[in-house]
Structures are given as structure tokens and as C-alpha cells.
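Encoded as C-alpha cells, the structure appears first; notes follow it.
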Amino acid sequence: MITIEHLAKQYGTKAVVEDVNLTIERNSIAVIVGTSGSGKSTLLRMINRLIEPSAGRVLIEGADTREEPAHLLRRRIGYAIQGHGLFPHRTVEENIATVPRLLKWPAARIAARVRELLEVFQLEPATYAHAFPHQLSGGQQQRVGVARALAAEPAVLLMDEPFGALDPIIRAKAQEDLLAIQRRYGTTIVLVTHDMDEAFRLGDRVAVMSNGRVLQFDTPAALLAHPADPLVTRMTGQTDRALRLLSLTTAGEIAAPGAVPGPTVSAAASLRDVLSELLWRGAEAASVTREDGTPCGHVSVAALLRHGRSP
Amino acid sequence: MKHGPLLLRGLALLLLVSFVIAPQRFAPLFAPLTQYGAPPIYDQGNLLTLTLAHLGTVCLAAAASTLIAVALAILVTRQSGRAFLPLSRTLVNIGQTFPPVAVLAITVPLVGFGEIPTLIALFAYGLLPIFENTLVGLQTLPPAVTEAADGMGLSARERLFSVELPLAMPLILEGIRLSLVINVGTATIGSTVAAKGLGEVIIAGLLSNNTAFILQGGLVTALMAVLLYEGMLAVERRLCRSVRTD
């Protein structure tokens, strides 16, 4: 659990972050979203003390982050950034091993961990372990960047626009991978982005920031249903908020019993995608099947419309 | 075609080595340049010894320049040393703008004749390229890389030695190469203050009006400069194969 209390940062007389209070649950993903200059990156960097706060404090599992030297604190916290920041003179393997080496892990444990991460991130160890970063594609470099951040099994992972430099298709894949990895390792993730779609897709809770203040920190559904500030409404998008709401639920969650004739959709598909599919095909309902192909009911247009209504 | 330059370098090396080991064999080549039966090949000292002494002086001076210039560049790129940047730059610039001959003139009364004044002059003269190159190397590191290094918890020292210096290495080596090559030529003036070196051959030629001597001293010096340049370039390529700042 990360507790942020009255955190503030000032440069001269300019307040970049003002009185931020957040509690981020263990094993959850918190997304900080805001326009550029809203102070979201500064807030993130105060968690691992890349920037020292002017006031307030950060507690990780109840311990004040100022209790140990900053560089030792950072070895316990994963950090992944836009443009990956891989060391160009080190191989993929050496890059990933950076923090475990700093922590003086035994060589065998480091090798096993590197191999495990390469496999988790779908980078064939035989091909990629000894490659240099410039020999990889943008998507692969980004995956190595995240693997490096996770190498020392940190309980907390901070990510600053990690997918900002990727094209939309690779970005969607990277987001999916991140969710899978979060489920696998149970890491508490704090991610900064300016992309509201990304925030809604990844965040268990989303903090909306503007001018150094957190306007609201809530679940995506609550941000849509009960925006605390007109700016939150504006940033979450007024025109397509019904569709955003639909995108937060999967077909499997609302499937009614019984199969129907017509198209078939996956249980993991969002209601937004199901609605789009039904509109496209001019159908009234679709059967829902699980990943293994077994049927789990059906979803009707009427049910979809009900779910898109203002709660 | 790829082996053309390599062959050329090999020939240059062969020429240099065989000339300094057995210069008398080349006597017929230089004979037409002499008058009144003067010796065509320098005979007042051993060319091999002079060449090695010359090389030794240059390398020693370059080592000292490297040590000080790199240390200075590291100092002024740290948070705590940033204030010293203008001062360091001025000092290093003075070293380069002050003519080596003038340095000799000043240092001889202080430390006497011999190698020491030459070493001091070459040391001061060679600082600038190494300092400036190291500075640029350390100041133009990719920001994402240094941020990642900090974010992962490298200490200042670990960051310097395992990230900053390796990434700046191509530029540092380039600076050393420039400094070495400049000083191979400059070192010939050391012979005016009795330092052992190839300048001796040139000066002997000038004094006795022997063009063959002048040419020999000049050619050996030039060959050495070219070979040092190529050798350092090969070292740079070898050491920095993987350093790419993309």
C-alpha cells in the first residue's frame, strides 16, 4: 500500500504539486492522468524521490520513504519510462540484470530471473539475451524496459508514460501484457499517462490531475457517474461517456443464460465492442463464448443499452 | 578493396620499423639530397633510440593530459563542481593557446634542460581536445538513459563508472587521439632544450644544412603520427562497437 499525505512540490514560488492525498491499495493499478504540466510526472517521481517533496510524505507499507538513502529506496521500486532508457552499451540480459546486480543477488538467481522475465515478455532468450538494445524493435525495447523495472521483484512499479512512444497496435498489446503481468506478480502499479483511454483500460482507480491538484481519485465507473469537478467531466469526455462506461464491462459479466441465433462474441470482449459488432451486423443479440469455446449465455442490444445509461 | 587501407597501414609500419632499425640501407635514397659528401643518414645518434624516446615522451604527456582532463571534465559535470566549469575551460584553453615554445622558455629556467620542460609543454598543449571531448560526451548523454539509471537506484559513483563514462568513451578516445597526433609533431621542439627525440635529427639537419637529415626526422615523425592515428582509431572501433546512442 502506498500512502501519499499532503504531498507538495514548489519550484520558487510556483507550485507544481499541491497538497495531494492518495491511498493506493496493494496489488492494484492506479493511473494518474492529466494534461501536460498538470504535475503528474512530478507526483510520480516524488514517490521514488527522484524529486524530493517540498512538503508532505510518502509511506510505502507504512514506512516513510525518507527513512533510507534515496538510491537504496529506488532499488526496491521498479521504474519504467517513456523511451525505455535502456543502456545502449549493455546487452538485453545485462540491462535486465541491473538492479539484481546492485542488490548483489547470486549469479544463478539473476540468470534464472532474467530467463523467466524474457519468457514472460515473449522474448526468446536464445535470440534476445545477448542482443543490444539497438538491435530490437520499439515494442521489444519497451518490453525489455518493463522487464528491467520488474527484475528485482519490486512490490511497487512506477511507470511514466511507458507506452507513449509506441504505435497504437503495439500499445494495445503492451497494455494487455501489463495487465497480465500485474495479475501474475501482484505488483502495485502507479502509471502516469495523458491518454484517458489508457487510464480507463488499465486503472483500477484513476487520479485526474490538473494544475498540481488531484481533482478526483476513483474507479473509472465512478469518474463517469459522479464526476467531482466539471473538469473531470470534460477530461473523461462528455460526448462518448456512455460508450466509455460500456467499455468498462465485459460481455461475460452480463451474459444472460441461453444461446441465441446470430453472431458470437468472446466473453472477454468489452460491451462497447459487442455493441459495435451488433450494430455492424444489424443483429439484436449475440451468443457469448468463453475463451475455451464453451458457451456462457447471450447479450442483447436492450441489455447493452441499459448498461450504457447514466447510473 | 576493403583490405586496401589495411595494406597501406601495414606498409607504413613496415617502412617505419625497417628505417629506424637499419637506416643505412636507405642511404642511397637520401644520398642525392646531401652536398659535399655529407652523411646521407643521421649518424650522431641511434634513430631507434630517438624514436622510442620521442614516442615515450608523447605517450607520457598524453597519459598525464588524459588523467587531468578527464578528471576535470568529470568534476565540472557533477552537481557540486558545476561552478568550476568556466575556470577549468579557461585554464585548458590557456594550455592550448600558449605556444609550446613559450612554455619551454618559461619552464627551462625553473626545472632545467631535458625531458621535463617538454613533458610540461606537451601536457598543457594536449589538455584541450581531451577535456572538450569528455565534456561533450558527459553532457550529451541520452536523458532517458540517465533518468533510468537514477530511477533504478544506481549511486552517483555507479552511474558515472557504469553508464556515463562507457557512453562517453568514443568521444574521450577521440580526444586522446587528437591530442596524441598533435603532440607527436609538437614534441620535435623538445630537442631545442635537450630532450631526446626526433627533433634532434631535424635540428642537426638545419645546423649542417643537410636536407637528408631534415627529411628523415620529418618522415619518421609523420609516419609515427599517421600510425598512431590509425592505431587509436582501431582501438576506438574495437572498444565502442556496441555503444550506440539511438
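The values are calculated or read from the model by the stated rules, or taken from the named source; none is laboratory data. All figures in this text were calculated on a predicted structure; none of them were measured in a lab. Counting neighbours? That spans all protein chains shown, and the Cβs are built from the backbone with ideal geometry, glycine included. Please note that ligands, DNA and RNA were not included when accessible areas were found on the heavy atoms of the full protein model with its side chains. Shrake-Rupley method; radii C 1.70, N 1.55, O 1.52, S 1.80 Å.
At-a-glance table
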quantity	calculated
Filter result for the condition that a residue is assigned to a strand (DSSP E or B) and either farther than 26 Å from A:LEU223 by Cα or open to solvent by less than 80 Å² (accessible area, probe 1.4 Å) (or both), over A:THR23, A:THR42	A:THR23
Selection within segment B:108-134 - surrounded by fewer than 19 Cβ atoms within 10 Å (Cβ to Cβ) and either under 17 Å from the mean Cα position of the chain (by Cα) or of a type in the set (Ser, Thr, Tyr) (or both)	B:ILE116
Complete set of residues in segment A:111-146 that are away from chain B (no Cβ under 14 Å) and open to solvent by 20 Å² or more (accessible area, probe 1.4 Å)	A:ALA111, A:ALA112, A:ARG115, A:GLU116, A:GLU119, A:VAL120, A:GLN122, A:GLU124, A:ALA126, A:THR127, A:TYR128, A:ARG143
Residue among B:VAL226, B:VAL181, B:VAL235, B:VAL243 that alone is modelled with pLDDT under 90 and away from chain A (no Cβ under 14 Å)	B:VAL235
So A:VAL192, is it within 14 Å of chain B (Cβ to nearest Cβ), farther than 23 Å from A:PRO100 by Cβ and either modelled with pLDDT of 90 or more or open to solvent by less than 10 Å² (accessible area, probe 1.4 Å) (or both)	yes
Lone qualifier among B:ALA144, B:ALA156 - being within 14 Å of chain A (Cβ to nearest Cβ), modelled with pLDDT under 95 and open to solvent by 40 Å² or more (accessible area, probe 1.4 Å)	B:ALA156
Only listed residue being closer than 24 Å to B:CYS240 by Cα and among the aromatic types (Phe, Trp, Tyr), chosen from A:PHE132, A:PHE121	A:PHE132
Failed item, numbered, when B:THR211 is tested on (1) at pLDDT below 90; (2) open to solvent by less than 40 Å² (accessible area, probe 1.4 Å)	(2)
Test result for B:LEU75, assigned to a loop (DSSP other than H, G, I, E, B), more than 21 Å from the chain's Cα centre (by Cα) and within 30 Å of A:GLY85 (Cβ to Cβ)	no
Failed condition for A:ASP197, given (1) over 22 Å from A:ILE47 (Cβ atoms); (2) in contact with a strand residue (DSSP E or B) (Cβ under 8 Å, 6 or more places away or on another chain); (3) not β-branched (Val, Ile, Thr)	(2)
Check on A:ALA165, in contact with a helix residue (DSSP H, G or I) (Cβ under 9 Å, 6 or more places away or on another chain), within 12 Å of chain B (Cβ to nearest Cβ) and farther than 29 Å from A:TRP105 by Cα	yes
Near pairs, Cβ below 6 angstrom, 6+ apart or cross-chain, from segment B:1-26 (modelled with pLDDT under 85) to any residue that is open to solvent by less than 30 Å² (accessible area, probe 1.4 Å) and not in a helix (DSSP H, G or I)	B:PRO23/B:ILE41; B:GLN24/B:ILE41
Matching option when the condition is open to solvent by 20 Å² or more (accessible area, probe 1.4 Å), closer than 30 Å to A:PRO53 by Cα, among the small types (Gly, Ala, Ser) and in contact (Cβ under 8 Å) with a residue 24 or more places away in the chain, among A:ALA199, A:ALA155, A:ALA225, A:ALA149	A:ALA155
Filtered residue count, segment A:158-178, keeping only those that are open to solvent by less than 50 Å² (accessible area, probe 1.4 Å) and touching a residue at least 24 places away in the same chain (Cβ under 8 Å)	12
Residues of segment A:69-97 that turn out to be over 23 Å from the mean Cα position of the chain (by Cα), under 29 Å from B:CYS240 (Cβ atoms), within 8 Å of chain B (Cβ to nearest Cβ) and not in a loop (DSSP other than H, G, I, E, B), as a count	1
Per-region count, segment A:82-112, residues of a type in the set (A, V, I, L, M) and within 17 Å of A:HIS134 (Cα to Cα)	3
Members of segment A:123-146 that are in contact (Cβ under 8 Å) with a residue 40 or more places away in the chain and in a loop (DSSP other than H, G, I, E, B)	A:ALA131, A:PHE132, A:LEU136
Residue list for segment B:182-208, filter: within 17 Å of the chain's Cα centre (by Cα), surrounded by 19 or more Cβ atoms within 10 Å (Cβ to Cβ) and within 14 Å of B:ALA222 (Cα to Cα)	B:ILE182, B:ASN183, B:VAL184, B:THR186, B:ALA187, B:THR188, B:GLY197, B:LEU198, B:GLY199
Top-ranked residue in segment A:46-59 [being among the hydrophobic types (A, V, I, L, M, F, W, C) and surrounded by fewer than 20 Cβ atoms within 10 Å (Cβ to Cβ); ranked as nearest to the other protein chains (Cβ to nearest Cβ)]	A:LEU50
Any hit, segment B:160-176, residues being of a type in the set (A, V, I, L, M), out of contact with any Lys or Arg (no Cβ under 9 Å at 6 or more places or on another chain), more than 14 Å from chain A (Cβ to nearest Cβ) and open to solvent by 10 Å² or more (accessible area, probe 1.4 Å)	yes
Inter-residue pairs, beta-carbon under 8 Å, first farther than 18 Å from B:MET224 by Cβ and touching a residue at least 60 places away in the same chain (Cβ under 8 Å) and in segment B:28-56, second open to solvent by less than 90 Å² (accessible area, probe 1.4 Å) and β-branched (Val, Ile, Thr), 6+ apart	B:PHE30/B:ILE41; B:LEU33/B:THR211; B:THR34/B:THR211; B:PRO40/B:THR34
